[in-house]
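**Q** Below you'll find the structure I mean.
The values are calculated or read from the model by the stated rules, or taken from the named source; none is laboratory data. From a predicted model like this one, the values you see are computed outputs, not experimental measurements. Backbone-built Cβ (ideal geometry, glycine too); neighbour counts: all protein chains shown.
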């Protein structure tokens, strides 16, 4: 073991250290290490078997409340999921479908009786289930689902129907082979009136695996990865279920056949129903980072042992020593830490909301969950591909694990919300925030003209404001290029970028709203790239603040010193990645911009001295690496 | 068919239109369309069967000279390979191993007798063969191969030996199952003297598929893609072959057991031997682009038919209409055209060298082949991943073709030269050019100081200098932001960037050479990122020049007008991608930089009106798309 690895791992685990350590041991390799050469059929069976084992060791009950689970905080289930994802992603996703999505729908949308009826079977895997939201033709546009859930007064039942081929439920995990029950989302129709999207439990398959009458189940077959997840389609031909199957927290049909909802406004009801997705999004983002951590661990180990060519003196050179290789691996390792701290904080944020937070905190959770899911899954894809290439021919052989990881993680950019759609969701939340803090936009313009908009009124810091202010003040005392390594300067840069992008976007959007309705689509559409840029700028700042908090919670010592350097590398790589934006706005000059590059190269080189510590700190159990090149000799 | 598609395709095919069209028809779907759900065993058999069919329809003989093939120009084989790669990449790679690498080794390194002996069997597939260069432990460092080819005077034979596990030949196509002969590279030892890397033909397997005595064959099994290629390892335990098996163009052992070579200097001999790789590199780069073209065709068709959400007026919106989607697809389509023209030009360059060009042209071919291989394979990987994500959940299902394409194309970044290594090769060639044009580097520094280095002496234009000069003069007459759409301005920007980067690199390298030997490694290593940046800047400029030539060879009309716009999009996207570099050096200001972004967005939008033409112009046969979502309703 390396000297500072354990301390780094503890810091990165943060407040979830105990639960994470528990599962690093409890999830034995026979549960989480999947052979690379399985066929699809073998992989599906393996994942199902492992899912039962997850139940047996108590994984499935972590954080499940109300006596169904272990009654720990629900956020612990997210932390446990993050650990599971360091093992196999098929198993992770299949467990996410079963406990997170299917079970989550029942826990979040059902009443006590419904929970009593279904949750035990969900958690002990007696009843494998599906989460039937996505339709083939609708994709991200969940509000337009076409599946109907129609109340039939005569029979006091609901009828589930798929009106056309495009309305089939698609990509549904557990649908192709193992699912018996499904939580199906569709338009609730009562007495001819459309009450919008609701969720209902529908049996789809008997215990011998045959589709029930009126249910057509399809198999998507081979995919780009996640071979162990049996994704399929579900279609209903006027299938009847008892009235009591409607998960009725936000909408119910009473004994007299009348619809009631605690939320009057249909739009608000829809968003409240959908807000139950948030745990899934947080979990998926963290899982993608876990996969990238495993890839980075494999690639870094390879880089430390592989030699290529030799020095002018004849000595062999490990590929880790090459500047171009450091450029590939080191900023990615720093980013892994940054996301780790941001994920911890988001998980805590989730718990705060569960424990009863104000509306603003709840709204922010939605937006940050979407944003952190999008940035982590994008990064995981890029990083795993980089790791594959950094291992050359070895990287392409399945036995070394990287191609499976990349194939599995790929779809994380799409499911639980397409990244491009999620960035827009974040962007719109920022705009709303902007608009509410500047009710009168014309006043803002006046303020701009008088150049008085210099404060941070648009930025809601997540770190204690006094901490950031102190850092900024400290930075102002630095001279010359020293300032680049001052945390306050780094924060200021990212705050400035976010603020300016959101502000400019707000102005453009205001103009669009003044257009005639038929021209507004084009107007909004012309701002789409801008909207996405705003979301990304926001997430960069949020992630840096989380890193700062993570460091402040780490005891002084060598591990903390390494974190400080990793944070510099993260922050400066991020600022450098957007240096064109800063240069365009004269925020720094060309000379400083070039200094940024030099410092990033220097930090990347210096940190290679501790690459073993840094990799070990990522917390991927040695026995889970499932990679021949990563085995120690 | 779209209105301008055929004209665009003809323009993009360029001088290879006839041969490409021939194979678009001759390669029937039963030869090139591989089912997505094959197991590895099925895929390997399918590829072998299809390889026989390629022989039958005459594909394998295209461009093969000296009476063995059809005696067309050898460059036609590269064009035909580009077309084949629009079908299945396993088949493409397997045919590349057989005819390109194995056959190429015999044609390039063998004598007449050897060609007579082996070439017929290579081309009619009677003798499946291997190209045994890479060793597990050596990777890109071919000069350090450890396999030995030792002359045994008593027997007048060569003994092939693998001295250790790391010296096994690795990733060798055809080695795991089908190969019977192998062209093995190793150190030639004669009378105890090491004559460097030579190539020898060694039987490895009998016709029933059993490894021959002393030969150990391994199977790499599953990989990240290319399931149809049976990659494996080869090791030799003192295996004897007749003296006549040494391919002896650049080195031979005579009847008296003495070594002779027409190339005295061992280093030069090594590089001459390796220069036979150039056709492979050119082919691989083009094939990667072909794969990306197929991916883009699938993604663009999907984008035109898929609707998501609706306009303010209630109309559905195709995803092609969204700005964020245009940002993904349109610059990639422009880049596909840019690379297509660059690949045509490189192919012609190859033919010029074969027909007997001067040393400089030959040297430039090496460098451009390496560079264009690296940039095309990098781009293909990124583009195929983008296409996968742009098709959402559909994109992840194997039946839609994108995940197979991405998995197959992945390793193109590694084989035929790791991209990072190749970029350095290009960078070093630029440096050598720089040094030879400025023999006395101190004089250069003096010249710089006096600010007289304003000409283009460092840039060797590939397009007729008068054409470029005319364009630059025209550009100088443009006012304001109009200049951005002047081709001359675009060329000047890319020329300036290349020149400045190479020049600065030259200065740094000069300083490194003044260091004591033991410090030089660190010095060179600190310039590695800079070296790679130089190579990329060079390739950007070379590719733009090829696009300009391609347009000038296209008859006037709507297709040409579209090409002009696509070239603008390519050039401005490229310049925009490096705008930080230009801003750092004050080459343009922040306002102009932001205008660049606006123009790229505008061009991306405008070109969507012709996206069907543009996609059809990529020239991927409809029946080869092998993608459910790309089928026309």
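**Q** Limited to region B:383-420, what total is found for residues that are touching a strand residue (DSSP E or B) at 6+ places or on another chain (Cβ under 8 Å) and either part of a helix (DSSP H, G or I) or surrounded by fewer than 23 Cβ atoms within 10 Å (Cβ to Cβ) (or both)? Write out each step before concluding.
**A** Taking region B:383-420 and keeping what is touching a strand residue (DSSP E or B) at 6+ places or on another chain (Cβ under 8 Å), we get B:393, B:396-398, B:403, B:411, B:415.
Right, trim to either part of a helix (DSSP H, G or I) or surrounded by fewer than 23 Cβ atoms within 10 Å (Cβ to Cβ) (or both) and you get B:393, B:396, B:398, B:403, B:411, B:415.
Matching residues across region B:383-420 total 6.
**Q** Oh, and also: Note down all Cβ pairs under 6 Å where the first residue falls in region A:568-591 and is at pLDDT 95 or above, the second is outside any helix (DSSP H, G or I), and they're at least six residues apart or on different chains.
**A** A:582/A:588
**Q** Name the residue, out of B:420, B:414, B:404, that is within 12 Å of chain A (Cβ to nearest Cβ), farther than 25 Å from residue B:609 by Cα and without any contact (Cβ under 8 Å) to a residue 40 or more places away in the chain. Can you show your working first?
**A** Details: B:420 fails: without any contact (Cβ under 8 Å) to a residue 40 or more places away in the chain; B:404 fails: without any contact (Cβ under 8 Å) to a residue 40 or more places away in the chain.
After ruling out the rest, the residue left standing is B:414.
**Q** Right, here's the next one. Any chance region A:373-383 includes a residue that's closer than 21 Å to residue A:74 by Cβ and in the same structural domain as residue A:408 (by TED's automatic domain parsing)? Can you show your working first?
**A** Of all residues in region A:373-383, those closer than 21 Å to residue A:74 by Cβ come to A:373, A:376.
Then drop every residue that is not in the same structural domain as residue A:408 (by TED's automatic domain parsing), which leaves A:373, A:376.
Yes, region A:373-383 contains a residue that is closer than 21 Å to residue A:74 by Cβ and in the same structural domain as residue A:408 (by TED's automatic domain parsing).
**Q** I'd like to check which helices (runs of 4 or more DSSP H) are fully inside region B:536-633 and have at least 3 residues that are surrounded by fewer than 18 Cβ atoms within 10 Å (Cβ to Cβ). Give the derivation first.
**A** Details: elements: B:558-577, B:579-584, B:590-607, B:611-617.
Result: B:558-577, B:590-607.
**Q** When you scan region B:25-45, how many residues do you find that are surrounded by fewer than 19 Cβ atoms within 10 Å (Cβ to Cβ), out of contact with any helix residue (DSSP H, G or I) (no Cβ under 8 Å at 6 or more places or on another chain), assigned to a helix (DSSP H, G or I) and away from chain A (no Cβ under 13 Å)?
**A** Within region B:25-45, residues that are surrounded by fewer than 19 Cβ atoms within 10 Å (Cβ to Cβ), out of contact with any helix residue (DSSP H, G or I) (no Cβ under 8 Å at 6 or more places or on another chain), assigned to a helix (DSSP H, G or I) and away from chain A (no Cβ under 13 Å) number 2.
**Q** When region B:509-526 is examined, which residues are found to be surrounded by 14 or more Cβ atoms within 10 Å (Cβ to Cβ) and more than 12 Å from every other protein chain (Cβ to nearest Cβ)? Quick ask: steps written out before the conclusion?
**A** Here is the first cut: in region B:509-526, the ones surrounded by 14 or more Cβ atoms within 10 Å (Cβ to Cβ) are B:509-510, B:512, B:515, B:520-526.
Matches in region B:509-526: B:509, B:510.
**Q** Just to be sure, is residue A:432 out of contact with any strand residue (DSSP E or B) (no Cβ under 6 Å at 6 or more places or on another chain) and modelled with pLDDT under 95? It would help to see each step written out before you state the result.
**A** Working: out of contact with any strand residue (DSSP E or B) (no Cβ under 6 Å at 6 or more places or on another chain): yes; modelled with pLDDT under 95: yes.
Taking the combined requirement at face value, the residue satisfies it.
**Q** Would you mention how many residues in region A:356-380 are within 11 Å of chain B (Cβ to nearest Cβ) and either touching a residue at least 60 places away in the same chain (Cβ under 8 Å) or at positive phi (or both)? Spell out how you get there, then give the answer.
**A** In the first step, residues of region A:356-380 are kept if they are within 11 Å of chain B (Cβ to nearest Cβ); the result is A:377-378.
Applying the additional criterion that residues be either touching a residue at least 60 places away in the same chain (Cβ under 8 Å) or at positive phi (or both) yields A:377.
Of the residues in that region, 1 qualify.
**Q** Restricted to region A:301-355, and to residues that are assigned to a loop (DSSP other than H, G, I, E, B) and within 14 Å of another protein chain (Cβ to nearest Cβ), which residue is surrounded by the fewest Cβ atoms within 10 Å (Cβ to Cβ)?
**A** Of the residues in region A:301-355, the ones assigned to a loop (DSSP other than H, G, I, E, B) are A:306, A:311-315, A:322, A:355.
With the extra rule that they be within 14 Å of another protein chain (Cβ to nearest Cβ), the set shrinks to A:306, A:311-315, A:322.
Values: A:306: 20, A:311: 16, A:312: 16, A:313: 10, A:314: 6, A:315: 10, A:322: 20.
Of everything passing the filter in region A:301-355, A:314 is surrounded by the fewest Cβ atoms within 10 Å (Cβ to Cβ).
**Q** Given the residues A:48, A:8, which is the only one that is at pLDDT 95 or above, more than 21 Å from residue A:178 (Cα to Cα) and either within 21 Å of the chain's Cα centre (by Cα) or in a helix (DSSP H, G or I) (or both)? Talk me through it step by step, then tell me what you get.
**A** On the way: A:48 fails: more than 21 Å from residue A:178 (Cα to Cα).
The conditions single out A:8.
**Q** Give me the residue from region B:574-597 that is more than 7 Å from every other protein chain (Cβ to nearest Cβ) and under 15 Å from residue A:589 (Cβ atoms) and, out of that set, farthest from the chain's Cα centre (by Cα). Even if it seems obvious, please write down each step before you answer.
**A** From region B:574-597, those more than 7 Å from every other protein chain (Cβ to nearest Cβ) are B:574-578, B:581-582, B:587-589, B:591-592, B:595-597; that's our starting set.
From what is left, the residues that are under 15 Å from residue A:589 (Cβ atoms) are B:581-582, B:587-589.
Numbers: B:581: 27, B:582: 28, B:587: 32, B:588: 33, B:589: 35 Å.
Applying the filter and picking the extreme gives B:589.
**Q** Given the conditions (1) in contact with a strand residue (DSSP E or B) (Cβ under 8 Å, 6 or more places away or on another chain); (2) modelled with pLDDT of 95 or more; (3) not assigned by TED's automatic domain parsing to the domain that holds residue B:141, and given that residue B:311 satisfies all but one, which numbered condition is not satisfied?
**A** (2)
**Q** Let me ask something additional. Output the residue which, of all residues in region B:149-159 that are farther than 13 Å from residue B:242 by Cβ and out of contact with any strand residue (DSSP E or B) (no Cβ under 7 Å at 6 or more places or on another chain), is farthest from the other protein chains (Cβ to nearest Cβ). First the steps, then the outcome.
**A** Applying the first criterion (farther than 13 Å from residue B:242 by Cβ) to region B:149-159 yields B:150, B:153-154.
Next, only the ones that are out of contact with any strand residue (DSSP E or B) (no Cβ under 7 Å at 6 or more places or on another chain) stay: B:153-154.
Values: B:153: 32, B:154: 35 Å.
Top of the filtered list is B:154.
**Q** Please specify each residue of region A:128-160 satisfying the condition of being surrounded by fewer than 21 Cβ atoms within 10 Å (Cβ to Cβ), over 23 Å from the mean Cα position of the chain (by Cα) and on the phi < 0 side of the Ramachandran plot.
**A** A:137, A:144, A:146, A:148, A:150, A:152, A:153, A:154, A:155, A:157, A:159
**Q** Return the only residue of A:383, A:420 being in contact with a helix residue (DSSP H, G or I) (Cβ under 7 Å, 6 or more places away or on another chain) and either farther than 26 Å from residue A:14 by Cα or modelled with pLDDT under 95 (or both). Outline the logic, then answer.
**A** Values: A:383 fails: either farther than 26 Å from residue A:14 by Cα or modelled with pLDDT under 95 (or both).
Sole residue among the options that is in contact with a helix residue (DSSP H, G or I) (Cβ under 7 Å, 6 or more places away or on another chain) and either farther than 26 Å from residue A:14 by Cα or modelled with pLDDT under 95 (or both): A:420.
**Q** Among the listed residues B:165, B:126, B:146, which satisfies the condition of being over 22 Å from residue B:249 (Cβ atoms), within 14 Å of another protein chain (Cβ to nearest Cβ) and out of contact with any helix residue (DSSP H, G or I) (no Cβ under 6 Å at 6 or more places or on another chain)? If you could, list the steps in order and put the result at the bottom.
**A** Values: B:126 fails: within 14 Å of another protein chain (Cβ to nearest Cβ); B:146 fails: out of contact with any helix residue (DSSP H, G or I) (no Cβ under 6 Å at 6 or more places or on another chain).
Within the list B:165, B:126, B:146, the selection yields B:165.
**Q** Okay, next question. The conditions are (1) at negative phi; (2) more than 14 Å from chain B (Cβ to nearest Cβ); (3) part of a loop (DSSP other than H, G, I, E, B), and residue A:275 fails exactly one of them. Which is it?
**A** Result: residue A:275 passes all but (3).
**Q** Only one of (1) within 28 Å of the chain's Cα centre (by Cα); (2) buried (at least 19 other Cβ atoms within 10 Å of the Cβ); (3) modelled with pLDDT under 80 is not met by residue A:492, so which one is it?
**A** Unmet for residue A:492, out of (1) within 28 Å of the chain's Cα centre (by Cα); (2) buried (at least 19 other Cβ atoms within 10 Å of the Cβ); (3) modelled with pLDDT under 80: (3).
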